[in-house]
Amino acid sequence: MRFATLGPEGSNHALVLGRYLDKHGMLARDADVEVSLFEAFPEAFDALLDGRVDRVLQCSAHFSHADCVGRTMHRAFPVDTFIAGSQPLALLARAEVAAPVSIGLQPATRHYTDLSTFTEQRDYATIVDVADALLAGEIDAGICSRETLERHSQALRLVEELGPALDVWVLYGTRPLPDNHPLVIA
């Protein structure tokens with residue numbers, strides 16, 4: 001089975017897809033599973049509709065969720081749903097910046113904490129992109145994985161622990177579930 005979600009490696013989508021495959025025993029040595037990581041969901045859904053992948057996993061909190069559902073209506077269908085936590089998140093700042101004014105974030109994270117002290121907010125596609133921009137000095141602060149601080153403790157400092165986000169995740173396929181399926185309320 002071929003699965004797709006948002007990349008890159010290290011993103012919450014890639015992490016949760018790995019957890020899903022593990023929970024369902026699909027990561028066993030004899031399992032025939034392929035994972036493709038896409039830069040954006042429209043391309044992942046196009047791959048689903050074209051038959052290049054069999055399933056697409058998307059977090060319902062992702063900013064493109066409604067557009068993808070609308071754009072693929074009657075062609076891509078929810079076939080599974082579950083609740084999963086993200087990797088622990090944190091508001092991090094560059095160590096040399098005493099009073100950060102610019103912040104990077106993935107749009108779904110914009111309400112995770114008070115951002116009123118930041119005069120400039122920049123959106124990035126993933127928390128991995130936020131971490132890359134932070135480490136490159138493009139922004140003063142960012143909401144990204146807590147693990148980023150552990151890997152770059154000399155360059156970054158902790159502003160606020162945010163913990164994991166608990167979200168609803170949807171797995172899409174090209175055939176709808178039957179009306180008598182336990183997930184379907186007809």
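Descriptive notes on the structure:
- Pairwise label distance in nanometres, A136 with M26, each label 7 Å out on the Cα-Cβ vector: 3.2 nm
- The peptide list 60-67, 174-181, put in order of mean Cβ contacts within 10 Å with the highest first, becomes 60-67, 174-181.
- Sequence-ordered 3J(HN,Hα) estimates for segment 168-179 from the Karplus curve with 6.51, -1.76 and 1.60 and θ = phi - 60° stand at 8, 10, 10, 9, 10, x, 9, 10, x, 5, x, 4 Hz, glycine and proline given as x.
- Length gained on full extension, E34 to D50: 4.1 nm, using 0.36 nm per residue less the C-alpha separation.
- The calculated FRET efficiency for V97 paired with F77, based on their beta-carbon distance and R0 = 45 Å, is about 0.45.
Computed from the coordinates by the stated procedures, all read-outs in this text should not be read as laboratory data. Not measured: the values here are computed from a predicted model. Virtual Cβ from ideal backbone geometry, glycine too; neighbours counted across all protein chains shown.
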